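Report on one structure; see the data block that follows.
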Amino acid sequence: MGLHIGQIAPDFTQESTEGPIKFHEWIGQTWAVLFSHPKDFTPVCTTELGMASKLKAQFDKRNVKMIAVSVDDVASHNKWIGDIEDTQDTKMNFPILGDADKKVATLYDMIHPEANDTLTVRSVFIIDNNKKIRAMVTYPASTGRDFGEILRVIDSLQLTDSHKVATPANWKDGDDCVIVPAITDEEAKTKFPKGFKSLRPYLRMTPQPNK
Ligand code: BEZ
């Protein structure tokens, strides 16, 4: 069965490059991003893991832990990490789950047989501090992910949680936001002291509240 936004992220225990991981316990009180790689020693994945490592401080700032999974074992991952560090000019700074038995890939529906019977697609799960799946993204193996976009989605989700705003098309941190329909104009006047513009009764824009 496929996973849905709003569902609790399935728990598992699996080996990783940083020792055994009980997923929910490992997440603890933070947010998490779980992302899959089709296979070790593949070129696009090598660049993705390098990029994610370089951006770790940005994920830390948002209280988000990263964890990758690839359907090879930890011994293979450890050899691959040498290549990632050499070629991408970085140090790996988050765990990669060993998943030779495809436990995690199966639990998270990361294998799409129409794309490939054995390799995973590039899945991303953004999971909040209540272990709830808040966003899911799927790319084909041939397309490397944009980790800036993953950070942008996290910013949007965390802003919705803290300030009851949604974010419009192509929004970036600092841009105007959308007041969610559940808030009345009266409530909006006190909640958004910087004011808001009503383009339509259902389309109200306000400066980003936490800037
Ligand atoms: C890659 O990571 O480079 C890759 C993996 C599987 C298929 C195509 C590309």
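The values are calculated or read from the model by the stated rules, or taken from the named source; none is laboratory data. These numbers were taken from a predicted model, which means no experiment stands behind them. Here Cβ is always computed from backbone atoms with ideal geometry, including for glycine, and neighbour counts include all displayed protein chains. Heads up: the accessible areas ignore ligands, DNA and RNA and are worked out on the full protein's heavy atoms, side chains in. Shrake-Rupley method; radii C 1.70, N 1.55, O 1.52, S 1.80 Å.
Things to note:
- Residue within the stretch 61-71 that is more than 21 Å from TYR139 (Cα to Cα) and either within 16 Å of the ligand (Cβ to nearest atom) or assigned to a helix (DSSP H, G or I) (or both) present: yes
- Looking only at the stretch 10-29, and only at residues there that are touching an Asp or Glu at 6+ places or on another chain (Cβ under 9 Å) and part of a loop (DSSP other than H, G, I, E, B), the one that is surrounded by the most Cβ atoms within 10 Å (Cβ to Cβ): GLU15
- Test result for SER156, open to solvent by 10 Å² or more (accessible area, probe 1.4 Å) and within 16 Å of the ligand (Cβ to nearest atom): no
- Screening the candidates ILE21, ILE5 for the property of being closer than 17 Å to ILE154 by Cα, more than 16 Å from the ligand (Cβ to nearest atom) and either outside the structural domain of ILE126 (by TED's automatic domain parsing) or not acidic (Asp, Glu) (or both) yields one hit, ILE5.
- Selection of the stretch 93-102 for residues being open to solvent by less than 30 Å² (accessible area, probe 1.4 Å) and of a type outside the set (Asp, Glu) yields PHE94, PRO95, ILE96, LEU97, GLY98.
- Annotation: of all residues in the stretch 27-51 being of a type in the set (Ser, Thr, Tyr) and in contact with a strand residue (DSSP E or B) (Cβ under 7 Å, 6 or more places away or on another chain), the one that is nearest to the ligand (Cβ to nearest atom) is SER36.
- Flag if ASP176 is over 30 Å from GLU15 (Cβ atoms), more than 16 Å from the ligand (Cβ to nearest atom), at pLDDT 95 or above and touching a Lys or Arg at 6+ places or on another chain (Cβ under 8 Å): no
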